[in-house]
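Asks: One structure, pasted below without further comment.
Each reported figure results from applying straightforward, stated rules to the coordinates on display, with no laboratory input. Only a predicted model underlies this, so the values are computations on that prediction, with no experimental measurement involved. Every residue, glycine among them, receives a Cβ derived from its backbone with ideal geometry; neighbour counts consider all protein chains shown.
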Amino acid sequence: MINMKRAYYEDIELFKSGTIVFWTIVFLAVLVTFPLYMSNYYLYLFSLMMVYVIVSVGLNILVGSTGQISLGHAGFFAIGAYGTVILMTSLSLPFFVAIIAAAFIAAFFGFVLGLPALRLEGPYLTIATLAFGLAIMHIIGHTEFFGGRQGLVAPALDIGVPQLGWSYVLDSMISKYYLVLIFTIIMVLVAINILKTKAGRAFVAIRDSDIAAEVIGINLTMYKTLAFATSAFFAGVGGGLFAFVLGFFDPFTFNLILSVIFIVMIVVGGLGSVMGSISGAILITYLMYDLFKNVDEVPVVGALLVAFSQQFMTITGMDNFNYIAVGLVMIGIMLFEPLGLFGGWIRLKKYWKTWPF
Amino acid sequence: MRISKKILVTMIVPLLAVFLFASEGLAQKKGFDDKEIRIGSWSPQTGPAAPWGATSRGAKLLFDIVNEQGGIHGRQLRLFIRDDQYNPSQTMAGVRDLVDRQGVLAFVGGVGTAPALAVRRYLAQNKIPLVSVMTGAEHLNFPHNPWLWALWPLYDDDASVMAKFLVEKKKFKKIGMLYQNDDYGLDPLAGVQRRLKTYNMELAIAVPVEPIERDLSSQISRLKAAGVEAVIGYVAPTQAAIALRSSVAIGFRPQWIHSYNLTDFSLMNHITDGLWAKEGVMTTAFTEDILDFKIPKMKEYADAAKRLAPGERWGIFYAAGITAGEPLVQALKQVGRDLSPEALVRELNNINNFQGIGPRVTWTATNHLPPAEFRIWQCGPKGEVIVLQDWTKNDLPKKR
C-alpha cells in the first residue's frame, strides 16, 4: 500500500514512528486501565472483541495476505475451545499448556485442510472449507466424549499448575479480561512479525501470483499449508479463550454464520492488514452485540422506532433494527471504502498530511 | 523517536481526566426503587428460533395487567427484554447489560437450555434470581441451584406419565419412539424406558432424528417395519408435521402422542393441512387449555392481550410467558412493601400450591424443581382440546 520504504530495516521495524509508539502506548494504557472505570458488561464485550480480534488477525493472514479463503474457521475456533477444555478436564493439563496444545491441534487440522487448497481455488476451495466447518460442528455434536449436543461447561480457569500445589484461579471478569488482553497483545505482535519474515513475504507472493511465486523458488506446498496452519493456530487460541470468556458452549455456537462473520470482520476491516483485522473485529462485534440491543429504552429515538415498528413492521420488528443497522454499515463501508476501515484510515492520513492544502 | 513534552502533556491530561471523572462506577445497580421493580428476560426475538420469543412478550403482558391494577404494593413492574437470537454469547451480553448497566432484581422466563447454561453461573454469582427458566432439560436443575427456579416440567417426567397412559389406559403393546437426538429427546427416552420396565416391556423401536433433518421417510419406514401401534414423539413442531404427513402418505397410521411443547393444535393443524385433527394426535400438557375462556383468568388475559397487545397471536408460547411470570408476581405480592433481594428469594421459596393458568407450583428452599403434573389431550375433529386424562403426577420420578 501507500508506504514509502527506502530500506529493508524500515520494512521490518515494529513501529514506523514515534507517533505510532506513543499512540500504541496510550491505547494499551486505556485497555489496561479499562476495568477501573467501566462496568462488567463492557469487560465481557471487550473480552469477546479481543477473542474475535485474535481470530480475524489469523484469518487475515490466510485470506488477506495469502489469498486463500476459508469458510471453515468456526471449525478451528471450535477445536480450540473444545480442545482446551477437554485437555484440562480429562488430561488435567494446566491452562497454558492446554490452550497451546489445542491451538496446535487446530493448526494440524489447518495443515490438513491446506492440502486440498493446493489443487482447489476460488469457489471450490470455499466449498471445501465450508464442508470442513460444518463437519466439525456435527462430529462434535454426535460424539459423547465431546459432550454431544448438550455442550460443555468450562471448568474453573486455573492458570497455575494445580498438580504442583500452586493454583491461581481467575474467577472474576476483570482477571479474565486481563488474560485475554495479554494473549491478544502477544498474538497481534506475532501476526505483525510473521508478515515481516520470509514466510510472510512468501504468503504475499503467493497471493499476487502463485505461479510467479513458484518460479522464484517459493515452495507452494509448504507455504500454502503453512498459511492454513498458522491461521488455524490463531483461531485455536481464540477458541480456547472464548471457552472461558463465555463459560459454556455447545456445537451450534460454532455454526456457519460464525465463519461468515469472521470473513465479514476482515473484509470490513481491510484485507491484508493487521490493523484492519483489529478494527473490523471490534466494529462488527460492537454492531452485533451492543448496537440497538436496548433500542426501545433509548431516549426519544427508542419511542420513535417503537412507533415505526408497530406501524410498518411486525410485533417482533423492533429487534430487527440491529440487523438493519449492521447490514447498512457493512454495505456503506463496502460501497464507499472498498479497502475497508484500513483503507479509510490511509485516506485520512494522506488527507491530513497535506492539510490545509 | 522524539515526542515533544507539550504533546505528551496534552495527551496525558485528558486521559487522567477520564479516570478521575469516569461516571460509570463498578457498583452494581439496584433492581428496584420506590416506584418500580426492574425485571429482565431474554429470548430469541429474531432468527430461526424467533417464535419462542413470544414468551418474553407474554410475561410483559402479565406485568402490564398488574401495572394497570396499580402495580405491586405501589411499585410498577418494568420488563426489559433482550434478544439473544438463541446464541449463548449474545445471551451473556444481554444479561450482563441488564445486570451491570440497568440493574434488575430478577430474570423471568429466559428461553433455552444453552443460553441458560451460559448465564447460570454468572447470575448465581451476582445473586440474581432466575425464575421460571424455559427449558425442560434436566441437567440445568442438577445439582440444586439456589438462584434458579424451574417451571417448565422435566421431559423425563412428561414421558413417564405419557408411557403409563399408553400402557395402562390405552393397552398398547408395541410402542415406538421418534426422538430428537439431543437432551430434548434423550431425557424422555430414558423416562419412557424406565416406565416400560415396570411392566416388563421394552420400546419396540426408538428412532433418532437430527434437529435439522427435513426428510423423515427413512425414520417413518423403520417405525412402520417395526409394526408399532403407538409412537411417542419428541421432536420440533415442523418435524412432527413432516413425520405425520409422511406416515399418512405410506399408509402407516399409529396413534401419535407428542410432548407438551406441541399443544398448539391450531398451529399444528395449519401446518399439517388438518391431518393433526384427522389423526386425533395426542399430546401431554402442563397448562390449562388456552382457548377455554370459561376459566376466568384465561379470559382476563386473552381480553387484555386484545387490548394491550393487539398485534400478538394468542398462542401457546405467548401464554407460556404469562405462566412463567405468574409465580414471580405472586412472590412479589407475598413480599409486601419491604422489598429486597433476600425477601424475594424467601418468598420464591415459599410458593406453595400456587396455580395460575399453568401447573400447580410448589417451591421450597431445597426444591426448585418444576411441577411434575400433566394432563393428556387429544386433538378433536375441529381442532379443539379433548381431555383424555386430567392432572396426573409422575409417580416414578428418576432417582437422583
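Asks: How large is log10 I(q)/I(0) at q = 0.08 Å⁻¹ when the Debye formula is applied to the Cα atoms of chain B, each weighted equally and without solvent?
Replies: Once normalised to I(0) and log-transformed, intensities are -0.46.
Asks: Amide H to amide H, which residues 5 or more places from B:VAL207 or on other chains are under 5 Å from it, using H placed in the peptide plane?
Replies: The answer is B:MET177, B:LEU178, B:TYR179.
Asks: Just the C-alpha atoms of chain A: what Rg/Rh do they give, with Rh taken as the Kirkwood radius?
Replies: 0.98
Asks: Taking beta carbons within 10 Å but only from partner chains, what does the mean come to for residues A:249-259?
Replies: Working: counts 5, 6, 2, 7, 5, 0, 1, 0, 3, 2, 0.
Mean number of neighbouring Cβ atoms from other chains: 3.
Asks: Using alpha-carbon pairs under 8 Å, 6+ residues apart, how would you state the relative contact order of the stretch A:27-255 in percent?
Replies: Details: 373 pairs, mean separation 95.5, N = 229.
Result for the stretch A:27-255 is 42 percent.
Asks: By per-residue mean of other Cβ atoms within 10 Å, what is the highest-first order of B:114-124, B:244-254, B:355-365, A:69-79?
Replies: A:69-79, B:114-124, B:355-365, B:244-254
Asks: In addition: Just to be sure I understand: if I project the alpha-carbon convex hull of the stretch A:177-220 onto a plane and average over all orientations, what area do I get in nm²?
Replies: Averaged projected hull area, Cα only: 3.5 nm².
Asks: Within chain A, what's the longest stretch lacking GluC sites (Glu not before Pro) that sit in DSSP loops with no more than 15 other Cβ atoms inside 10 Å?
Replies: A:122-357
Asks: What average number of partner chain Cβ atoms lie no more than 10 Å from the Cβ of the residues making up A:285-294?
Replies: 3
Asks: Shifting gears a bit: Calculate the spin-label point distance for A:VAL169 paired with A:HIS142, positioning each point 7 Å from the Cα along the beta-carbon direction, and give it in nanometres.
Replies: 3.7 nm
Asks: Could I ask something else about it? Once you place label points 7 Å from the Cα toward the Cβ at B:ASN126 and B:SER218, how far apart are they in nm?
Replies: Calculated label separation equals 4.6 nm.
Asks: 7 Å from Cα along Cα→Cβ at both A:ILE25 and B:LYS382: what's the point-to-point distance in nm?
Replies: 8.2 nm
Asks: What list of ³J(HN,Hα) values in whole Hz, one per residue of the stretch B:251-266 in order, does the Karplus curve 6.51 cos²θ - 1.76 cosθ + 1.60 (θ = phi - 60°) give from phi, with Gly and Pro shown as x?
Replies: For the stretch B:251-266, the Karplus-derived couplings read x, 9, 10, x, 7, 8, 9, 10, 6, 5, 7, 10, 7, 7, 4, 5 Hz, x marking Gly and Pro.
Asks: As a test, work out the antiparallel percent of DSSP beta bridges whose residues both lie in chain B, rounded to the nearest 5. Kindly include the intermediate steps, with their values, before the conclusion.
Replies: Values: 13 of 45 bridges.
Counting only bridges with both partners in chain B, antiparallel ones make up about 30 percent.
Asks: Same structure again: Classify the stretch A:1-120 as rounded, prolate or oblate from the Cα gyration tensor: take a ≥ b ≥ c as the square roots of its eigenvalues, call it rounded if a/c is under 1.5, otherwise prolate when a/b beats b/c and oblate if not.
Replies: In terms of gyration-tensor shape, oblate.
Asks: How are the C-alpha pair distances of the protein assembly as shown spread across 10 Å bins, as whole percents from the shortest bin up?
Replies: Using 10 Å bins, I get a P(r) of 3, 13, 21, 23, 19, 12, 6, 2, 0, 0 for the protein assembly as shown.
Asks: What average number of partner chain Cβ atoms lie no more than 10 Å from the Cβ of the residues making up B:85-92?
Replies: 6
Asks: Of all DSSP beta bridges in the protein assembly as shown, what percent run antiparallel (nearest 5)?
Replies: 35 percent
Asks: In terms of modelled amide H atoms, which long-range or inter-chain residues lie less than 5 Å from the amide H of B:LEU130?
Replies: Here B:PHE107, B:LEU148, B:TRP149 satisfy the definition.
Asks: Can you list residues whose amide H is under 5 Å from B:ARG82's amide H, if they're 5+ apart or on another chain and H is modeled 1.01 Å from N?
Replies: HN-HN under 5 Å from B:ARG82: B:SER41, B:TRP42, B:SER43.
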